[in-house]
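Peer 1: Input: one structure, supplied below.
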Amino acid sequence: MPRPRQPGRHRRPEPLSAPEGAPALLLAVPGTPSGAVRSLADEVVSIARSELPGLDARIGYLDGDDSEFPTLQSVLVHAAEERTARFEQARAAGVDVREPEGPVAVVVPLLAGPDNALLRRIRQAVMESRVAAELTDVLGPHPLLAEALHVRLSEAGLARADRARLFTVATAADGIILASVGGEEAVQAAGITGMLLAARLAVPVMAAALDEEGAIASTAEQLRSSGSQQLALAPYLIGPELDSTLLHAAAKEAGCSAAEGLGAYPAIGKLALSKYTTALGIAPQQPQGAPVR
């Protein structure tokens, strides 16, 4: 028997679950597929499922091979075939059901910021599948991504983990460069999250293009000319789209240490789910991060 709902303004929110027959959440993963990329994507969808029980979450790879790593097109086609089969089975069993309408899947790009080249390829893959699907925006900018960047910097010993205790790190940076990929629009989006990160760390943060020759080094010079002496490079990238050779070369050229990519930080899964629920008009509780201390 369900427990009686607690009365009053402080009652707990009713648990939300995915509506029956809801479209699948299809995580569109860019970059070269590998075991590490698959593990990251699996963890992201696992977080999304834990936030919304009953969620049909799937993974498609932009550069998949349809054997070990299924492509976006094949995952969409398979999802459409499954939905049609369920409808036919129900009708054959005499169940009065309406033919399913709306998108088969909501495609969520696994990207922190806008990368027009990758987004065009994802959109093209959706069109080539000939399956009704809705493509959402990328995950950022968002305060939770600033939190994730803070955590990755602190893990690398480049930022304080806890402001309240005034814990100091000998190697803590006094200037942060956010490395993005995808052109000027991506740099601007990273800059918005950079402002939130600057508020958390109380140090200047500037965004620069990792894939533009000399951009990271030029931004490092700007920070040093304004008084920062110990810099850190923080990738505003999740991982599959991150070229580690570019990152290491840029860090060496700028003369600074680099943190890891955002990876499967819990906020990534929560933001992917938020894009999905917003596209469907479902209104779960907005994703929350750790409190700023």
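The values are calculated or read from the model by the stated rules, or taken from the named source; none is laboratory data. Keep in mind it's a predicted model, so treat the numbers as computed, not measured. Please note: Cβ atoms are built from the backbone with ideal geometry, for glycine as well, and neighbour counts cover all protein chains shown. Keep in mind that these areas ignore ligands, DNA and RNA; they rest on the heavy atoms of the full protein, side chains included. Shrake-Rupley method; radii C 1.70, N 1.55, O 1.52, S 1.80 Å.
Peer 1: What pairs can you find where one residue is in the range 44-72 and under 18 Å from LYS275 (Cβ atoms), the other is buried (at least 21 other Cβ atoms within 10 Å of the Cβ) and among the basic types (Lys, Arg), and their Cβ atoms are less than 9 Å apart, with a gap of 6+ or different chains?
Peer 2: The qualifying pairs are ILE47/LYS270; ALA48/LYS270; GLU51/LYS270.
Peer 1: When the residues of the range 196-238 are narrowed to those that are assigned to a loop (DSSP other than H, G, I, E, B) and of a type in the set (A, V, I, L, M, F, W, C), which ends up surrounded by the fewest Cβ atoms within 10 Å (Cβ to Cβ)?
Peer 2: If we take residues in the range 196-238 being assigned to a loop (DSSP other than H, G, I, E, B) and of a type in the set (A, V, I, L, M, F, W, C), then ALA202 is surrounded by the fewest Cβ atoms within 10 Å (Cβ to Cβ).
Peer 1: Being assigned to a loop (DSSP other than H, G, I, E, B) and open to solvent by less than 100 Å² (accessible area, probe 1.4 Å) is the filter here; which residues of the range 118-136 pass it?
Peer 2: VAL131, ALA132, THR136
Peer 1: Specify which of the listed residues (GLU68, GLU99, GLU88) is in a helix (DSSP H, G or I), loosely packed, with under 14 Cβ neighbours inside 10 Å and either touching a Phe, Trp or Tyr at 6+ places or on another chain (Cβ under 8 Å) or at pLDDT below 95 (or both).
Peer 2: Answer to the selection: GLU88.
Peer 1: Inspect the range 49-61 for any residue being charged (D, E, K, R), modelled with pLDDT of 90 or more, in a helix (DSSP H, G or I) and open to solvent by 20 Å² or more (accessible area, probe 1.4 Å) and give the result as yes or no.
Peer 2: Yes, some residue in the range 49-61 is charged (D, E, K, R), modelled with pLDDT of 90 or more, in a helix (DSSP H, G or I) and open to solvent by 20 Å² or more (accessible area, probe 1.4 Å).
Peer 1: With the structure loaded, tell me whether SER74 is at pLDDT below 95 and hydroxyl-bearing (Ser, Thr, Tyr) or whether it fails that test.
Peer 2: Considered against the rule, which asks whether it is at pLDDT below 95 and hydroxyl-bearing (Ser, Thr, Tyr), SER74 comes out as no.
Peer 1: Kindly indicate which of LEU178, LEU145, LEU111, LEU158 is at pLDDT 95 or above, part of a loop (DSSP other than H, G, I, E, B) and surrounded by 22 or more Cβ atoms within 10 Å (Cβ to Cβ).
Peer 2: LEU111
Peer 1: Would you confirm whether any residue within the range 46-56 is among the β-branched types (Val, Ile, Thr) and out of contact with any Phe, Trp or Tyr (no Cβ under 8 Å at 6 or more places or on another chain)?
Peer 2: Yes, there is a match, as at least one residue in the range 46-56 is among the β-branched types (Val, Ile, Thr) and out of contact with any Phe, Trp or Tyr (no Cβ under 8 Å at 6 or more places or on another chain).
Peer 1: Further, regarding this structure: Listed residues GLY281, GLY269; which is of a type in the set (Gly, Ala, Ser), open to solvent by less than 70 Å² (accessible area, probe 1.4 Å) and at pLDDT 95 or above?
Peer 2: Criteria check complete, one pass: GLY269.
Peer 1: In the range 60-91, how many are of a type in the set (A, V, I, L, M) and over 15 Å from LEU26 (Cα atoms)?
Peer 2: Residues meeting the conditions: 2.
Peer 1: In this structure, is ALA186 in a helix (DSSP H, G or I), more than 24 Å from ASP56 (Cα to Cα), open to solvent by less than 60 Å² (accessible area, probe 1.4 Å) and in contact with a Phe, Trp or Tyr (Cβ under 9 Å, 6 or more places away or on another chain)?
Peer 2: Criteria met by ALA186.
Peer 1: Tally up the residues in the range 239-273 that are of a type outside the set (Val, Ile, Thr) and part of a helix (DSSP H, G or I), please.
Peer 2: Of the residues in that region, 17 qualify.
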